[in-house]
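Asks: Below is the structure I would like to discuss, written out as structure tokens.
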Amino acid sequence: MTWAQKSAANLLPLSVERAQLAVALQEWLYTGDMYDLGTPIETCELCKHPDIRYQFKIINRHNGNEILVGSECINKFRISAIDELGNILGCDESRRRVNRDRRFLVNEARKRHLVNTLVALSAVEENFDINSFISYVLDRDAFTPNQLALLFWRLDQHEIEYSPRDFKLTIRRDREKNQLRQMEDWKLQKLWPSMSTSQHTWVRKHTNFEP
């Protein structure tokens with residue numbers, strides 16, 4: 001059975017239109033309700049694709065039936081989204097909303113994992129001011145180069161597992177750029193996975209560091 005056949009088998013019984021999938025899909029809307037399950041444990045209720053972590057609710061505008069699907073299905077089947085005022089969006093706007101909402105879920109998951117890592121560090125190091133670091137990252141969504149180098153050093157010292165990609169780096173201000181210019185190569189190497197593509201370019205241009 002193809003993905004289209006699976007989708008028809010799952011969607012048509014819940015729709016007013018019971019014969020044509022393309023017609024039935026026009027009855028469904030993405031409402032903006034979305035969920036992060038924490039791990040990829042669910043199956044898309046439309047196409048039956050496994051290992052879904054981020055679920056998005058679609059609702060039938062005629063009978064109120066609901067199913068939870070992956071973001072790819074909403075885009076693939078061109079299911080319309082509604083905005084905050086309840087207006088039905090066009091295809092391109094709907095795709096942008098779905099992609100934006102998925103990025104939001106991913107970013108929120110990253111922040112939670114990052115905060116949990118900071119809490120773990122504060123549990124083993126009395127002098128670590130967790131509140132100031134958490135407040136800083138929630139306010140700016142990133143750390144300065146010196147802050148990040150210090151955090152990674154402390155996490156390594158206490159053998160606390162972490163993902164450098166959960167941590168973002170900010171170099172918007174001159175003092176932050178100067179921190180990178182003055183930083184030893186081994187520290188730059190540690191920060192490299194946390195940098196964006198544009199930050200990689202900046203480092204290559206303004207320092208002698210080669211990853």
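Asks: Considering only Cα-Cα distances, which of the following residue pairs are longer than 22 Å: Lys6/Lys76; Lys111/Lys177; Lys6/Lys57; Lys48/Lys111; Lys57/Lys168?
Replies: Too far apart for the 22 Å limit: Lys111/Lys177; Lys48/Lys111; Lys57/Lys168.
Asks: Determine the relative contact order of the chain: mean sequence separation of Cα pairs under 8 Å and six or more apart, normalised by residue count, in whole percent.
Replies: The value is 12 percent.
Asks: Give the distance, in whole Å, between the Cα centre of segment 113-151 and the Cα centre of segment 156-196.
Replies: Computed from Cα coordinates, the inter-centre distance equals 13 Å.
Asks: Sort Ile52, Ile82 by Cβ crowding within 10 Å, fewest neighbours at the top.
Replies: Ascending Cβ contact count within 10 Å gives the list Ile82, Ile52.
Asks: Dividing the convex hull volume of the alpha carbon atoms of the chain by its residue count, what do you get in Å³ per residue?
Replies: 171 Å³
Asks: Okay, moving on. Using θ = phi - 60° and the Karplus form 6.51 cos²θ - 1.76 cosθ + 1.60, what ³J(HN,Hα) does each residue of segment 125-139 get, whole Hz, x for Gly and Pro?
Replies: 9, 5, 7, 7, 7, 5, 4, 5, 5, 5, 4, 5, 6, 5, 7
Asks: Hey, another quick one. Can you compute the helix-only [θ] at 222 nm over the chain? Use -39500 (n - 2.57) per DSSP H run of at least 4 residues, normalise by all residues, nearest 500 deg cm²/dmol.
Replies: -15000 deg cm²/dmol
Asks: Same structure again: For segment 185-198, just list the computed ³J(HN,Hα) in residue order, Karplus coefficients 6.51, -1.76 and 1.60, θ = phi - 60°, integers in Hz, with x standing in for Gly and Pro.
Replies: Ordered by residue, 3J(HN,Hα) equals 4, 5, 6, 4, 4, 5, 7, 3, x, 8, 8, 7, 4, 5 Hz.
Asks: While we're on this one: Pull up all non-local amide H partners of Ile52: gap of 5 or more, or a different chain, and H-to-H distance under 5 Å with H placed in the peptide plane.
Replies: Hits under the 5 Å cutoff: Ile41, Glu42, Thr43, Cys44.
Asks: While we're looking at this one, here's another question. Out of all DSSP beta bridges in segment 23-142, what portion is antiparallel? Express it as a percent rounded to 5.
Replies: For segment 23-142, the DSSP antiparallel bridge percentage is about 85.
Asks: Skipping prolines and chain starts, which residues have an amide H placed within reach, meaning under 5 Å, of the one on Asp33, given they are 5 or more residues away or on another chain?
Replies: Here the answer is Lys57, since their amide H atoms fall under 5 Å of that of Asp33.
Asks: For Phe104, Phe77, Phe167, which order do you get if you count the other beta carbons within 10 Å of each Cβ and list the fewest first?
Replies: Taking fewest neighbouring Cβ atoms as first place, the list is Phe104, Phe77, Phe167.
Read-outs throughout are calculated quantities, based only on the coordinates presented, and are distinct from any laboratory measurement. None of the values given here were measured: they were computed from a predicted structure. As a convention, Cβ positions derive from the backbone with ideal geometry for all residues, glycine included, and neighbour counts pool all protein chains shown.
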